[in-house]
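Beneath this line is the structure, given in structure tokens, with notes to follow.
The values are calculated or read from the model by the stated rules, or taken from the named source; none is laboratory data. Treat the numbers as computed from the prediction; the structure is a model and nothing was measured. Note that we place each Cβ from the backbone using ideal geometry, even for glycine, and neighbour counts take in every protein chain shown. Areas reflect the complete protein model, heavy atoms only, side chains present, ligands, DNA and RNA absent. Shrake-Rupley method; radii C 1.70, N 1.55, O 1.52, S 1.80 Å.
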Amino acid sequence: RFVKYFLLCEDSHSLLETIRSRAQTLKTESIREEDIDEYLQKNFESAQRLKRADTYSYNELITASENCIGRAIELLDPKIFEAVAYNRKLARDFVNAVAYKQNGQKAIEVYSRFDGGREEFSRQLSVTATAVRDLIALQRTENAPLLFYNDREEALSLSDMLNIRR
């Protein structure tokens, strides 16, 4: 009688219709990367230092936060960010091996660097799928929002080298 439930999900269509028909839907927007940057720079000295020392890594951190301030704060921990950055590098290397039409051996070599148990392997594949998703989306429209790449020009260049079959 006095209990309220909050169902949080990324896609309300993944809920059963019987639940959707009885639940009030509140849609939220992603936080812009510029706002995350501003918040981190204002509130975290470690973010200021990282941005000054290594702009590339800082931009990777912002993009890897997936438009979530809490995740961005988490990624300020060097140990956590190191693992995320490694997975992003693997994904980038794999996509580059395919895009630059290097022999299949190069792609397999990158793929063989995917390591860890089932969960880690799944996480690495998911990051790679997000990178590929960006490139496919850019083939549809150059204005597609990017989830993996923080450099639109790099992503457009790679997208031009790929086709859906490849």
- Task: Check the range 27-41 and report whether any residue there is of a type in the set (A, V, I, L, M, F, W, C) and modelled with pLDDT of 90 or more.
- Result: yes
- Task: Output yes when any residue across the range 77-97 is at pLDDT below 90 and more than 16 Å from the chain's Cα centre (by Cα), and no when none is.
- Result: yes
- Message: Any residue in the range 52-69 that is over 14 Å from S30 (Cβ atoms) sitting within a Cβ distance under 6 Å of a residue that is at pLDDT 95 or above and open to solvent by 60 Å² or more (accessible area, probe 1.4 Å)? List the pairs, counting only those 6 or more apart or interchain.
- Response: Y58/K51
- Within the range 86-99, the residues that are buried (at least 17 other Cβ atoms within 10 Å of the Cβ) and closer than 27 Å to S46 by Cβ are N87, R88, L90, A91, R92
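Results for (1) in contact with a Phe, Trp or Tyr (Cβ under 8 Å, 6 or more places away or on another chain); (2) surrounded by 15 or more Cβ atoms within 10 Å (Cβ to Cβ); (3) within 23 Å of E10 (Cα to Cα), shown as yes or no for each residue.
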{"site": "K27", "(1), (2), (3)": "no, no, yes"}
{"site": "L40", "(1), (2), (3)": "no, yes, no"}
{"site": "Q48", "(1), (2), (3)": "no, no, no"}
{"site": "A53", "(1), (2), (3)": "no, no, no"}
{"site": "N59", "(1), (2), (3)": "no, yes, no"}
{"site": "T63", "(1), (2), (3)": "yes, yes, yes"}
{"site": "I69", "(1), (2), (3)": "yes, no, yes"}
- Query: What single numbered condition from (1) more than 15 Å from F148 (Cα to Cα); (2) at pLDDT below 90; (3) charged (D, E, K, R); (4) open to solvent by less than 50 Å² (accessible area, probe 1.4 Å) fails to hold for E10?
  - Reply: (4)
